[in-house]
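A short reminder: the numbers here are calculations on the coordinates, not readings from a lab. Note that the structure is predicted; figures quoted are calculated from it, not measured. Cβ placement follows ideal geometry from the backbone for every residue including glycine, while neighbour counts extend to all protein chains displayed.
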2 protein chains.
Amino acid sequence: MVRESETCFPSLTRCFLSDRKSVIHLQINRGMVIYVCFFKGATDEILPKMVSTLLNLQLCELPSGKMTSVLELPGSVLIIPQATLGGKAKGKAMQYHKNISKEDGLQLYSTFVSLCEKELMAAIGVTGREAEVNVKHGTYGNRQVLMLDTNGPYTHLIDF
Amino acid sequence: MVRESETCFPSLTRCFLSDRKSVIHLQINRGMVIYVCFFKGATDEILPKMVSTLLNLQLCELPSGKMTSVLELPGSVLIIPQATLGGKAKGKAMQYHKNISKEDGLQLYSTFVSLCEKELMAAIGVTGREAEVNVKHGTYGNRQVLMLDTNGPYTHLIDF
């Protein structure tokens, strides 16, 4: 099982993720932020469906008010590994027993990022807007500084 | 049923929510952001438990690395109405059939905000740090500009 808290900002002004250790700055402009968490039992098999669903869902608003997908927009994607999404409250503390092991999670996360890049690049090929669109992603297992600047938070939760 | 996607930022630098219509700026510093969505069937009865659970969960990190609650910290709370959390993917579109009516949702949201204020103010009374701590909240039903600036996103999902 896999949990994604997907936030598509209709008019994301800026989204900025930096790694506190290595001072890498990742920045996307208009697009979607995906927080991803893998549970125990998740395998590679689920990844193509996850990527296809997330990138094709009509979560982005056009100036006309019509909804479209990040692939059709086309917009950028910032992927954030967010293991805390697998947490469960036990008394006053959060427990993370459902989460996949770090090693398996890293492998799934890496493949997920690659698949997103592949799908988005294929979409860009059609529109010829390479310079504006990209996939950026946080480093698995690190805490990272996040700055979001949006025209309206628009958060969805999708379990696979 | 009620869904909360609660994000406690261990060292939230800045969080900023503004209403695009009325140009009201809400800002908190160190603290927690709560995205709240009410489903059909939710009633007032669940609210005290929700507030108590959320404000007492150990989601905030002290400089020592030890975890504590936003009440014990004490920190501020920014509450964001986020009806999209109740969405379900149907094909390429999101549907929101599970969500409570706007009228009932507004009433629950208003009471939820009041209860949070009451609990946090009681906690501040103990520590005497009124100036640093407060509850801010977005306007129910409006899309609002959000800016987040954190030392690490730390997102949890809690269903009641």
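The table below gives the values:
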read-out: Kirkwood-type radius of the stretch A:29-73, with distances r between different C-alpha atoms, in Å; value: 12.1
read-out: Shielding score for A:137-149, defined as the mean number of other chain Cβ atoms within 10 Å; value: 4
read-out: Calculated Rg and Dmax of the stretch A:78-125 using C-alpha coordinates, Å; value: 14.9, 51
read-out: A:Glu103-A:Lys49 FRET efficiency (beta carbon distance; Förster radius 22 Å; 0.05 resolution); value: 0.45
read-out: Peptides ranked, highest mean first, by Cβ atoms within 10 Å: ranges A:53-65, B:86-98; value: A:53-65, B:86-98
read-out: Quotient of Cα Rg and 2.2 N^0.38 Å for the stretch A:35-140, N being how many residues it contains; value: 1.23
read-out: For the stretch B:34-93 and the stretch A:35-59, distance of Cα centres in Å; value: 24
read-out: Highest to lowest packing among B:72-81, A:148-157, scored as the average C-beta count within 10 Å; value: B:72-81, A:148-157
